[in-house]
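Participant: For reference, the structure I am asking about is given below.
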Amino acid sequence: MKKEEFLKQLEYLLQDLPDSEKEEAISYYRDYLEEAGPEREEKAVEEFGSPERVAAIIRASASGNLEEGGAFTETGYRDERFKDPNFEVVERLDLPNEKEAHPEGGFGSAAGHGGYAGSGFKEFFKKNRPNGAAHEAYQEEPYRERYTRSRNMRTVYTHEDRKPWTSRLLKLILIGLLLIVASPILLGGVGILAGCAAGVLALVFGAVAVVLGLTVSAILAGVVLAVVGVVFTVGTPLDGLFLIGLAGIGVGCGLLGLVILVALWEVIRALLALLCKGVKKGTEYVRGKGKKTE
Amino acid sequence: MVFNTGAALLDAVVLAAVSREAEGTYGYRITQEVRKAIDISESTLYPVLRRLQKDNCLSVYDLAIDGRNRRYYKLTETGRVQLALYKGEWSVYSNNISRIFEEAKL
């Protein structure tokens, strides 16, 4: 591209700037090319890049936000905003965490076509990009581009301050998992308690059964002996009286057994009541804790 | 070059390049001087020069040469102070870095 052509295009691209800004910029570049001389002129224009790129540089300095996006890299000054249109910005690999933290966030779309084209850059080129949206990921210098934009990109990324995601269902699932994981301990404790209770109950019930059996047999024996004694008194009155006496002892034992049974019943009732109370309190405690954690 | 040049360092290099000419110097020559030290594109000094001008580190005046105006950039007093500051900072910084590398065991 020749000098005059370049300057004409530059002037066209800057026509909305204030005249003083525009003229100063254009005279700088005209000066520059004239100093370069006829033989270097074309090479210098080539190195400027496209008029669009130079216009973007001038615009940024005019609006005073040059510092925002640029950086000086091993190949010189680089700024995504000043790249030629149709050159897509390449993904930055040095910001992996932010990207992973917002997988469904507003940047997913940018990642879709391979670029963290910062919003500033995109908006900037909306104005002066000649052929609209059709710019595929043209990766001219992928590695260099990764290290260019720094501060601006970071602020763009911190814009999205999301609340930590939470849900009731998740909490319930987590509590369930916790219970399962902790079950050996929980079940162990509960098991010991249940075992003790069952042991005590079994002991009591066993005692009841023994006493009941003894009582029933004693009474039955007493009755039988009484009947046999009455029969014997007809033939041998002394034997009969002896048997009746034995029957009396048997019945007495049976009555004693009944008294013990009644006492045991009271003990069982007391124990059951205690157990019920314990279970009730236990469940209440667990529920109370659950409420607290929610 | 694998090391990046920060904006402050470029400012410092530009100020140093301008300071070499007591009467000031012009865009093309500044660019060529700076390009001896760091590889920058020919188009990119314009915003830097403008910013330094806005910050009162550089003053400008136009001189008629061969029937056209040539814009000269000259260091101001503020620019001189700024350059001295950059020089001091750079000396400390580069000494520290150099020492680390000299002590490095390969």
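What follows is calculated from the coordinates using simple rules that are stated; it is not laboratory data. Since the model is a prediction, treat every value here as computed from it, not as a measurement. Here the Cβ is made from the backbone with ideal geometry for all residues, glycine too, and neighbour counts use every protein chain on show.
Participant: Is segment A:168-293 rounded, prolate or oblate when judged by the Cα gyration tensor, a ≥ b ≥ c being the square roots of its eigenvalues, rounded requiring a/c under 1.5 and prolate requiring a/b larger than b/c? Before the final figure, lay out each step's value.
Facilitator: Details: a/c = 6.94, a/b = 4.79, b/c = 1.45.
Because a/c hits 1.5 or more and a/b exceeds b/c, segment A:168-293 counts as prolate.
Participant: So, one more: Between B:ALA22 and B:VAL81, 0.36 nm times their residue separation minus their Cα-Cα distance comes to what?
Facilitator: Value of the extension gain: 19.7 nm.
Participant: Quick one: grab the alpha carbon gyration tensor of chain B, order the square roots of its eigenvalues as a ≥ b ≥ c, and give me rounded if a/c is under 1.5, else prolate or oblate depending on whether a/b is larger than b/c.
Facilitator: prolate
Participant: With labels modelled as points extended 7 Å from the Cα through the Cβ direction, what inter-label distance (nm, one decimal) is found for A:GLN9 paired with A:ALA270?
Facilitator: With each label placed 7 Å out from Cα toward Cβ, I get 10.5 nm.
Participant: I've got another one for you. Rounded to the nearest 0.05, what FRET efficiency is calculated for A:VAL208 and A:LEU170 with R0 set to 45 Å and r the Cβ-Cβ distance?
Facilitator: It comes out at approximately 0.35.
Participant: In whole Hz and in residue order, list the ³J(HN,Hα) couplings for segment A:192-205 that follow from phi through the Karplus curve 6.51 cos²θ - 1.76 cosθ + 1.60, θ = phi - 60°; x for Gly and Pro.
Facilitator: 4, 4, 4, x, 4, 4, 4, x, 4, 4, 4, 4, 5, 5
Participant: Now for a different question. Too long at a 25 Å Cα-Cα cut-off: which of B:LYS54/B:LYS74; A:LYS22/B:LYS54; B:LYS54/B:LYS87; A:LYS43/B:LYS36; A:LYS22/B:LYS87; B:LYS36/B:LYS87?
Facilitator: Check vs 25 Å cut-off fails for A:LYS22/B:LYS87.
Participant: Another one. Taking amide hydrogens as modeled 1.01 Å from N in the peptide plane, which residues meet the under 5 Å criterion relative to B:SER41, leaving out close sequence neighbours?
Facilitator: Close amide H contacts, sequence-distant or interchain: A:TYR77.
Participant: Using a Förster radius of 25 Å, what is the FRET efficiency between B:ALA104 and B:ASN4 based on their Cβ-Cβ separation? Nearest 0.05, please.
Facilitator: The value I calculate is 0.75.
Participant: Going by amide H atoms built from the backbone, whose H comes under 5 Å of the H on B:ILE65, apart from near neighbours?
Facilitator: Amide H neighbours of B:ILE65: B:ARG70.
Participant: Quick check on segment A:1-43: take the gyration tensor over C-alpha atoms, sort the square-rooted eigenvalues as a ≥ b ≥ c, and tell me if it's rounded (a/c under 1.5), prolate or oblate.
Facilitator: It comes out oblate by the Cα gyration axes.
Participant: Helix-only estimate, please: 222 nm mean residue ellipticity of chain B, summing -39500 (n - 2.57) across DSSP H runs of length 4 or more and dividing by its residues, to the nearest 500.
Facilitator: So the helix-based figure for chain B works out to -19000 deg cm²/dmol.
Participant: Ranking request for peptides B:3-10, A:258-265, A:269-276: highest mean number of other beta-carbon atoms within 10 Å first, then the rest in descending order. Before the final figure, lay out the partial values.
Facilitator: Numbers: B:3-10: 15.9, A:258-265: 13.8, A:269-276: 11.8.
Averaged packing, sorted descending, gives the order B:3-10, A:258-265, A:269-276.
Participant: In addition: Just to confirm the filter: which GluC sites (Glu not before Pro) across segment B:1-54 are DSSP coil and have at most 13 other Cβ within 10 angstrom of their Cβ?
Facilitator: B:GLU23
Participant: Still on this model: From the phi of every residue in segment A:173-185, what ³J(HN,Hα) in whole Hz does the Karplus formula 6.51 cos²θ - 1.76 cosθ + 1.60 yield, where θ is phi - 60° and glycine or proline is x?
Facilitator: So the Karplus estimates, Gly and Pro as x, are 4, 5, 4, x, 4, 4, 4, 5, 5, 8, 4, x, 6 Hz.
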